[in-house]
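Remarks on the structure that follows.
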Amino acid sequence: MPCSKLKGICVGEENWVDSRTIYIGHKEPPPGTEAFIQQRFPDNRIVSSKYTFWNFIPKNMFEQFRRVANFYFLIIFLVQLIIDTPTSPVTSGLPLFFVITVTAIKQGYEDWLRHKADNAVNQCPVHVVQHGKVTRKQSRKLRVGDVVLVKEDETFPCDLVLLASSRDDGTCFVTTASLDGESSHKTYYAVQDTKAYNTEKEVDTIHATIECEQPQPDLYKFVGRINIYMNNEPVARPLGSENLLLRGATLKNTEYIYAVAIYTGMETKMALNYQSKSQKRSAVEKSMNAYLVVYLCILISKAVINTALKYVWQSDPNRDEPFYNQRTEAERQRHILIRAFTDFLAFMVLFNYIIPVSMYVTVEMQKFLGSYFIMWDDEMFDEELGERAVVNTSDLNEELGQVEYVFTDKTGTLTENNMEFIECCVDGHVYVPHAICNGQVMPDAAGMDMIDSSPGPEAREHEELFFRALCLCHTVQVKEEETVDGIKHGIHQGKSTSFYISSSPDEVALVEGMKRLGFTYLRLNDGQMEILNRENEVEKFDLLDVLTFDSVRRRMSVIVRASTGEVYLFCKGADSSIFPRVISGKVDQVRARVEQNAVEGLRTLCVAYRRLSPDQYQEVCQLLSRARLALQDRDKRLAEAYDLIEKDLILLGATAVEDRLQEKAADTIESLHKAGIKVWVLTGDKMETAAATCYASKLFHRNTQILELTTKRTEEQSLHDVLFDLSRTVLRQHGGMTRDTFSGLSGDCTDYGLIIDGATLTAVMRPGQEGSNSGNYKEKFLEICRNCSAVLCCRMAPLQKAQIVKLIKASEEHPITLAIGDGANDVSMILEAHVGIGVMGKEGRQAVRNSDYAIPKFKHLKKMLLVHGHYYYIRISELVQYFFYKNVCFIFPQFLYQFFCGFSQQPLYDTAYLTLYNISFTSLPILLYSLMEQHINMDILKKDPCLYRDIAKNSLLRWPSFIYWTVLGVYDAIVMFFGAYFLFDNTTFTSNGQMFGNWTFGTLVFTVLVFTVTFKLALDTHYWTWINHFVIWGSLIFFVVFSLLWGGIIWPFLNYQRMYYVFMQMLSSGPAWFSIILLITASLLPDVLKKVIWRALWPTTTERIQVGTNAGRNGELLYKIKKIFFLIVLWVFWNNCCN
Amino acid sequence: HILSHYNHKHKYISLEFNVKNQLKFTNRPDNTAFTQQRLPAWQPILSAGIVIPGFVLIGLAFIGVGVALFVTSRSIQVLERDYTGDESGTPCASCANSNVQNSFGFCFPQSQGPVFFYYGLSNYFQNYRRYGTSKDDNQLYGVLKYFTSPSDNCAPYAYNSNNQPIVPCGSIANSMFNDTFKLYQTVNGTRQEVSLDGKGIAWWTDYNIKYRNPTNNPLKDAFNGTVKPIYWSKPAYELDTSDPSNNGFVNQDFLVWMRRAALPDFRKLYRRISQDKYPDGLPAGNYSLEITYNYRVYRFSGKKKVVFSNVSWMGGKNEFLGIAYLVVGSMCVFMSIVMLIVYAKFKFPDEE
């Protein structure tokens, strides 16, 4: 059927417009079919770089200054350049320049690497068939419609439709390892009518056009149609994703192929998938930005207050312009509003240090460097895999300490995904293969135990059919003598070593299990599947069709023709998808066995068959080809066709495959529970299997009361009633008891576990038909979930997983969620959750690649959260709070000084001090603190997961603690400033009677400041390694040495020498020393006092533990000395009070 | 045949084993104390058992220091006299209105050690930002280039109305304090002049390094083509006619003035009384002070005063420091009592 006609028919299909027509080999179609319109497509150039040589500087600058902080500092810098401000532009320009340059160099280097990679890709040669000859072209010159020759182990240069291959059956093998990480070989098919054209000459004679959809990023979706003009008789054939070779994939085990370019350059599916993941931001970062806004407000209000006060104060002309300080004529002429505005800006500049540029740099360095500790962690290294933890983004380190919900995949994450065939059951008779001895399997029937009595002849036939079904109904490939990463199982057969390879480990386990039971699948040869039966005879079956597996149908089928000529449909799938389609067979026995196995945590599959008469087979063929030919909604039509074909089945039996729990999975889940984290298991598996795994992994305990929200229940009652029932049950329990955080762990109160399946979830989530009612469902569901300690969601589609995560994320408490999984089906939830963790499993590396962090095994999650997450949160929260605190201490005295210098923007500190305070005097101690701090030992954190609750809900960055830090900063600033003020008040400091000036005043305040903030950090440090000692004392020494040097020399390049000898003169005076000691002590006292009293009155679990271990560590002697001393003090006080 | 196959397989397996082992070896993280975050560390905790005795110790030490400072400060004699002269009842009630020479008498108690003679100004903002920058450090370092073209910072005191450069330029120099004092002791009705020592009242580094005169000899030559500051009565090279080394930019009074005060109420050292008969302080008795009243402060409602004070090892009289030490010390002690009470009531978890 010519497509123009089809086009006419399918007018209603709106997407039809979005298609492209490709003329293979750029040949015009025969006249009369369609007008030849050469469409324009981009060339095959890949551009992943962001900048070119010319636009690097402007574009990079633009992007950097789009960040609010950088922009703010740029504005401050410009203001300093333009108007007469109290501090020189260097003070803000230098740090800004430093930050910008470092970032630009880093980004420039990365882009240069990308350019290099792009060039290498774009210039690599490809073979193109032109006029019957193969010519070489640069990859970037490839055009849509070119016929390309690809040889074995070459990578496809663009998205291609397979025309012919060196193999006679027109198939080729491909690994997509570099695309989605799946290293298994996948089979792709050539179009039936072109597969014979497998030399360059023949290929050149193909006269055909391809119509297909416009490029879209889904790797696994492709619909199109090829119209082949043979003798001017166009033949239309469907094209699907099994015909499409993707750019980036590699040709394997096939000598060469011919294919035609469909999508090129930036339109290839790989390029369309380049798009970066959306940036995740941590809760700490959000608090930080909130604090920043507060400080910006403080800054502006400070400037406004000072400007206003300045003009009030200056209203007296004697103050405005005393005789000793007159203005120039130009200044007098200036309009008062301009003067006021300039003053406002000058105040802004003077106080701008309250928002330090270095905070961003420090936070970023902390995150970047800190993430190395995760990668370096030897305990998170897995011997077996030879893998260590991977950090894909360091932005979320601290979020690991804030997790409230963990969503975990089951297969491959909780379990090992190492399938082992356990048993099968045919018509109720159970077969168990013997354990493997020395890698050898008994080839005969002695290798199996019959649990039931020997079956009759009819059963015998069923049994053989069952084994054949399992040998035929799969997509396993046989690999001979080759190593392939991924699933690999050696079978020792005859003289060659071969492996079964499949993307599904279940299938490999089943085929291997069959081998142990006597039926060996040998190979797929020429469309014939060969199996070796118990009598060592080779049986051959024609493979007529494969109805591939999908997670919606949850089953797959093959249609084969036996050598006797009979056509069978073998179907294998989840019990829930098989049983409804079965018309005969011993359903009850099998069902009982399946359920029993499921309870034991085994993965079960049911097998059924259907004998097809020639007429039926014809019908099936028609159904399938019609569906496959459709250009629109092909998936839907295929599903409908499958639904029609896979019916009237006869049940054969069931299989059971075990997937063992991962090492320490139960321990990890228990720890997470104790840490107050709710663990949800989201799986595609069936309810019973999943529930069994949950029991095994201690997600559910024996005394957990299970609430079911499944299709089974909702069939009996309406969803509405079930939901309300459950919520009543849950609330009754929780209403009665006090909501103590710890009581939830004690045994006496029941905790609840919820099981929900995919279908019910869809019903719960469905947008409301009856208005408010549906929102209600969601609310009710969330309410139930909130009160359950564990939730199991089974029968989940990948998107539903993400939906659940989104639902919880959006609930009113906005909890922090973590998703962990290993397969491609977990990617959506990994991307959706606040923190996504990939497990380096067997199902490819797609999850790892899309995750924020990747760990080798599930058990490593425990250390990741309880230790690393906890530490990072403690560290970064102190970092943030401390940064704001030290800048309040820094700037507030300067603000106070304005009241004593006629609001003239006189800086209190020297320029060098202003510039270096945040860069060098106080930066390293906090950076090192935020890398090294361990308030509690690592082992205790692991042993006692309850400690995790202490930092839950961003507790260290709440407003009260922020206000405490700010108030402390203001208090310290007041002590420092007024301490110095009263000391300087009309007195001399020295024994030679000389007086000090304003710079000495500022230096005194600054010295006290540097020591106070450093000591404050020292008081907060619980873990003093030599590095901490070095950095804390080192930076104080550096400050002193710098000050001595800065004041010790007449610096030739400066036009002022105001600091000359100021620091030395100050140190030569006794009262200065006394006042420095006094002011430091007075500044630190309240904080120490607060800590001790809080520790006594409201100790956190952390502090209890700290004290406990401390007492233990210090040993008896020290402890006794302390106690005796303490008693003496007590006695002295007692006497004093009595007297 | 079978054997060869076996060998093949064996080889393959061992190869794989090697590769895997190597992979593990390369990918394994370094097992050092640093990378595993297990560096040996001292882990102190601010527990009550340490803090309460600590507070008591600190408190007692501070109280001790505070008492010492307070007693020392008390022993210092200070005599302050306001001579602004715009209010009646002050020692120099009519100074501001009368002619330039004024004098008033006062009694001074016995003092120990040399006595320092200060002048003080209040409500005078030497810490104005514009005022503070209004000088040219290069000029004051004796670089002749800047004599003819002073820094822009000095405006409006850089050039006079005839566009001649002012040396020393700027507000600070221009507004230099120019009252002079003579002190007399009245012994048996006769006035004896007390000799005042004007050496070493400025910082040694200011006098010797930071400020320098040009090397011209005589110094006057360097100032050719420049004019004296507007408010000055004498040019810089004639500030002290009695001592040629006390002229120009290294004049001690000039240096004292150039070191800006931090706060609007300040005092500056004028002279020391440590020569002749008074190396160990002024004897008790009656004194009179003769003031040459030049500096006008009532225009901005300022005050002027003179201060006589001796100093101790910890400087001049300053009761604040001693009191502050006492307060902080007793706060420490008080807080440790509070903590003890808290302890008694709530029992610290570590002391059970």
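In this entry, region A:355-437 is assigned a mean projected area of 10.2 nm², taken as a quarter of its C-alpha convex hull surface.
Taking each of A:572/A:636; B:135/B:268; A:942/A:1016; A:367/A:862; A:50/A:809 in turn, the alpha-carbon distance tops 27 angstrom for A:942/A:1016; A:50/A:809. Taken one residue at a time, the phi angles of region A:409-419 give Karplus couplings (6.51, -1.76, 1.60, θ = phi - 60°) of 6, 9, 5, x, 9, 7, 9, 7, 6, 10, 7 Hz. Gly and Pro are set to x. Please label the shape of region B:208-338 as rounded, prolate or oblate, based on the square roots a ≥ b ≥ c of the eigenvalues of the alpha-carbon gyration tensor (a/c under 1.5 means rounded; beyond that, a/b larger than b/c means prolate, else oblate). Prolate, because a/c is 1.5 or more and a/b exceeds b/c.
For a 4.7 Å threshold on C-beta separation, the list of partnerless cysteines in chain B reads B:107, B:332. Counting beta carbons within 10 Å around each of A:793, A:124 and listing the fewest first gives the order A:124, A:793. Counting every other Cβ atom within 10 Å of each residue's Cβ, A:718, A:165 order from fewest to most as A:718, A:165.
Two decimals is fine: what is log10 I(q)/I(0) at q = 0.19, 0.25, 0.27 Å⁻¹ for region B:163-228, from a Debye sum with one equal scatterer on every Cα and no solvent? Those come out to -1.00, -1.21, -1.23, one per q. In this simple spin-label approximation, residue A:57 and residue A:1128 carry label points 7 Å from Cα along the Cα→Cβ vector, and these lie 7.2 nm apart.
Normalised Debye scattering of region B:128-258 at q = 0.09, 0.12, 0.16, 0.20 Å⁻¹ gives log10 I(q)/I(0) of -0.29, -0.48, -0.78, -1.15, counting only Cα atoms as equal scatterers and leaving out solvent. Converting phi to 3J(HN,Hα) with the Karplus coefficients 6.51, -1.76 and 1.60 and the offset θ = phi - 60°, region B:263-279 yields 10, x, 9, 9, 10, 10, 6, 9, 8, 10, 10, 9, 9, 6, 8, 10, x Hz in sequence order, with x at every glycine or proline. Stokes-Einstein, applied to the Kirkwood radius of region A:203-319 over Cα pairs at a viscosity of 1.306 mPa s and 10 °C, places its translational diffusion at 76 µm² s⁻¹.
A protection proxy built from the mean count of other Cβ atoms within 10 Å ranks the segments B:187-198, A:589-600, most packed first, as A:589-600, B:187-198. As a rough guide to protection, the peptides A:326-338, B:213-225 ranked by mean Cβ packing within 10 Å, highest first, stand as B:213-225, A:326-338. Of all DSSP beta bridges confined to chain A, the antiparallel ones make up roughly 75%. Take each residue of peptide A:1094-1105, count the partner chain Cβ atoms within 10 Å of its Cβ, and average: the result is 3. Going by the alpha-carbon gyration tensor, a ≥ b ≥ c the square roots of its eigenvalues, is chain B rounded (a/c under 1.5) or, if a/c is not under 1.5, prolate (a/b greater than b/c) versus oblate? Oblate is the answer for chain B, as a/c is 1.5 or above yet b/c matches or exceeds a/b. The sum of -39500 (n - 2.57) across all DSSP H runs of n ≥ 4, divided by the residue count of chain A, sets its helix-only mean residue ellipticity at 222 nm to -14500 deg cm²/dmol.
Residue order for A:949, B:296, fewest other beta carbons within 10 angstrom first, comes to B:296, A:949.
Reducing region A:973-1045 and region A:645-660 to their Cα centroids gives an inter-centroid distance of 79 Å. For residue B:166, nonlocal amide neighbours, meaning residues 5 or more places apart or on other chains whose placed amide H falls under 5 Å from its own, are B:159, B:160, B:227. Rounded to whole Å, give me the distance from the Cα center of region A:66-95 to that of region A:309-375. Region A:66-95 and region A:309-375 have Cα centres spaced 10 Å from each other. Peptides B:320-330, A:685-695 ranked from most to least packed, by the mean per-residue count of other Cβ atoms within 10 Å: A:685-695, B:320-330.
For region B:286-313 versus region A:664-684, the spacing of their alpha-carbon centroids is 81 Å. Coordinate range of the alpha-carbon atoms in the protein assembly as shown per principal axis, descending: 151, 87, 73 Å. For residue A:59, a cut-off of 17 angstrom between C-alpha atoms picks up these aspartates and glutamates, skipping any fewer than 8 places away in its own chain: A:110, A:111.
Here the calculated FRET efficiency for residue B:209 and residue A:1054, from their Cβ-Cβ distance with R0 = 22 Å, stands at 0.90, rounded to the nearest 0.05. Across region A:104-224, the volume of the C-alpha convex hull divided among the residues equals 138 Å³ per residue.
Read the figures in this text as sums done on the coordinates, not as results from a lab. From a predicted model like this one, the values you see are computed outputs, not experimental measurements. Counting neighbours? That spans all protein chains shown, and the Cβs are built from the backbone with ideal geometry, glycine included.
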